[in-house]
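Everything below concerns the one structure shown next.
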Amino acid sequence: MGEIKVSPDYNWFRSTVPLKKIIVDDDDSKIWSLYDAGPRSIRCPLIFLPPVSGTADVFFRQILALTGWGYRVIALQYPVYWDHLEFCDGFRKLLDHLQLDKVHLFGASLGGFLAQKFAEYTHKSPRVHSLILCNSFSDTSIFNQTWTANRSLFYSFWLMPAFMLKKILLGNFSSGPVDPMMANAIDFMVDRLESLGQSELASRLTLNCQNSYVEPHKIRDIPVTIMDVFDQSALSTEAKEEMYKLYPNARRAHLKTGGNFPYLCRSAEVNLYVQIHLLQFHGTKYAAIDPSMVSAEELEVQKGNLSISQEEQ
């Protein structure tokens, strides 16, 4: 059994943070699953959106750490949506249901792309105050060559059995030698992948490969942090460079290692970069943290910054 799944931290998380299920569409089969932790008085929380293979609990290490520092954090798992517009409309309804006018979004891989599309979708009446994009991309055409060499495959995801869809996704997981923490992260993600049904997998792969790109002029005023890794990941160097070009003023959070799932295997670094990103909103109505916790939390960030800079020297 995977180390993470039986770890005290994960079991503590599952026993203390309830999983909520919410329906906001007319179709009762479209169920949002989410963990909502931290002070409810915060009206602009940080929301985590998972990758194709992920569930809401892949961010449990962020939820535990950030709520401990006074943040309100929500981790989501999307219903079955087959196109980006449908997702954006459903997500807007979810925010309305939760009575959240604006939010900060952390998106991993597909989650990051959907976060950008939602910011673009709501640009006339903004709902996204900032973005953290982890191992993410801005144009789905990068997957046309890798996942859908045969273009007809894209149109047949919905027809394929679950085991074939899982095989497609597992092909993007690291197969070479990795350190124990990364190996544990991969094991956990494989377990989470196994928990997803055929329609969930097929719809997410469809969203991942459906021809679409981000229109930067619609979201150029949103503060962005781009978080990526220097070691092997499913994201090509070209895709990373495209993100840097798209957001020339974005903050960059580079991790030397971390693979596809740094939020699991390099959680301390990821959590630190998330805090640094959110610091700029402290003292405003868009702060994601309880004001009474700011001074202590800022001290922790400064300590973390100091230790990182010392390691790099």
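The values are calculated or read from the model by the stated rules, or taken from the named source; none is laboratory data. What you see is a predicted model, and the numbers here were worked out from it, not measured in a lab. Please note: Cβ atoms are built from the backbone with ideal geometry, for glycine as well, and neighbour counts cover all protein chains shown. Please note that ligands, DNA and RNA were not included when accessible areas were found on the heavy atoms of the full protein model with its side chains. Shrake-Rupley method; radii C 1.70, N 1.55, O 1.52, S 1.80 Å.
For region 97-139, the Kirkwood hydrodynamic radius comes to 10.5 Å, computed from all pairs of different C-alpha atoms. Counting only Cβ charges, +1 for Lys and Arg and -1 for Asp and Glu, the dipole size of the chain around its Cα centre is about 380 debye. The alpha-carbon atoms of region 27-129 define a convex hull whose volume equals 94 cubic angstrom per residue. Here the chain exposes an accessible surface that is 53 percent carbon and sulfur, computed with a 1.4 Å probe and the other protein chains kept in place. The helix-only estimate of mean residue ellipticity at 222 nm for the chain, built from DSSP H runs of length n ≥ 4 each weighted as -39500 (n - 2.57), is -13000 deg cm²/dmol after division by the residue total. Among beta bridges from DSSP that stay inside region 1-98, the antiparallel ones total about 75%. Length gained on full extension, Arg43 to Asp96, computed as 0.36 nm times the residue gap minus the Cα-Cα distance: 17.9 nm. Model label sites at Glu215 and Ile276, defined 7 Å from Cα along the beta-carbon direction, differ in position by 3.3 nm. Remark: accessible surface ordering of Arg220, Arg61, Arg40, Arg266 (largest first) is Arg220, Arg40, Arg61, Arg266, probe radius 1.4 Å. Subtracting the Cα-Cα distance of Leu170 and Glu238 from their residue separation scaled by 0.36 nm leaves 22.3 nm. Note: relative contact order over the chain, using C-alpha pairs below 8 Å and six or more positions apart, is 21 percent.
So what does log10 I(q)/I(0) come out to for region 4-312 at q = 0.15, 0.16 Å⁻¹, using the Debye formula with one equal point on every Cα and no solvent? Result of the Debye calculation: -1.29, -1.51.
Modelled spin labels at Asp9 and Lys124, positioned 7 Å past Cα toward Cβ, are 4.4 nm from each other.
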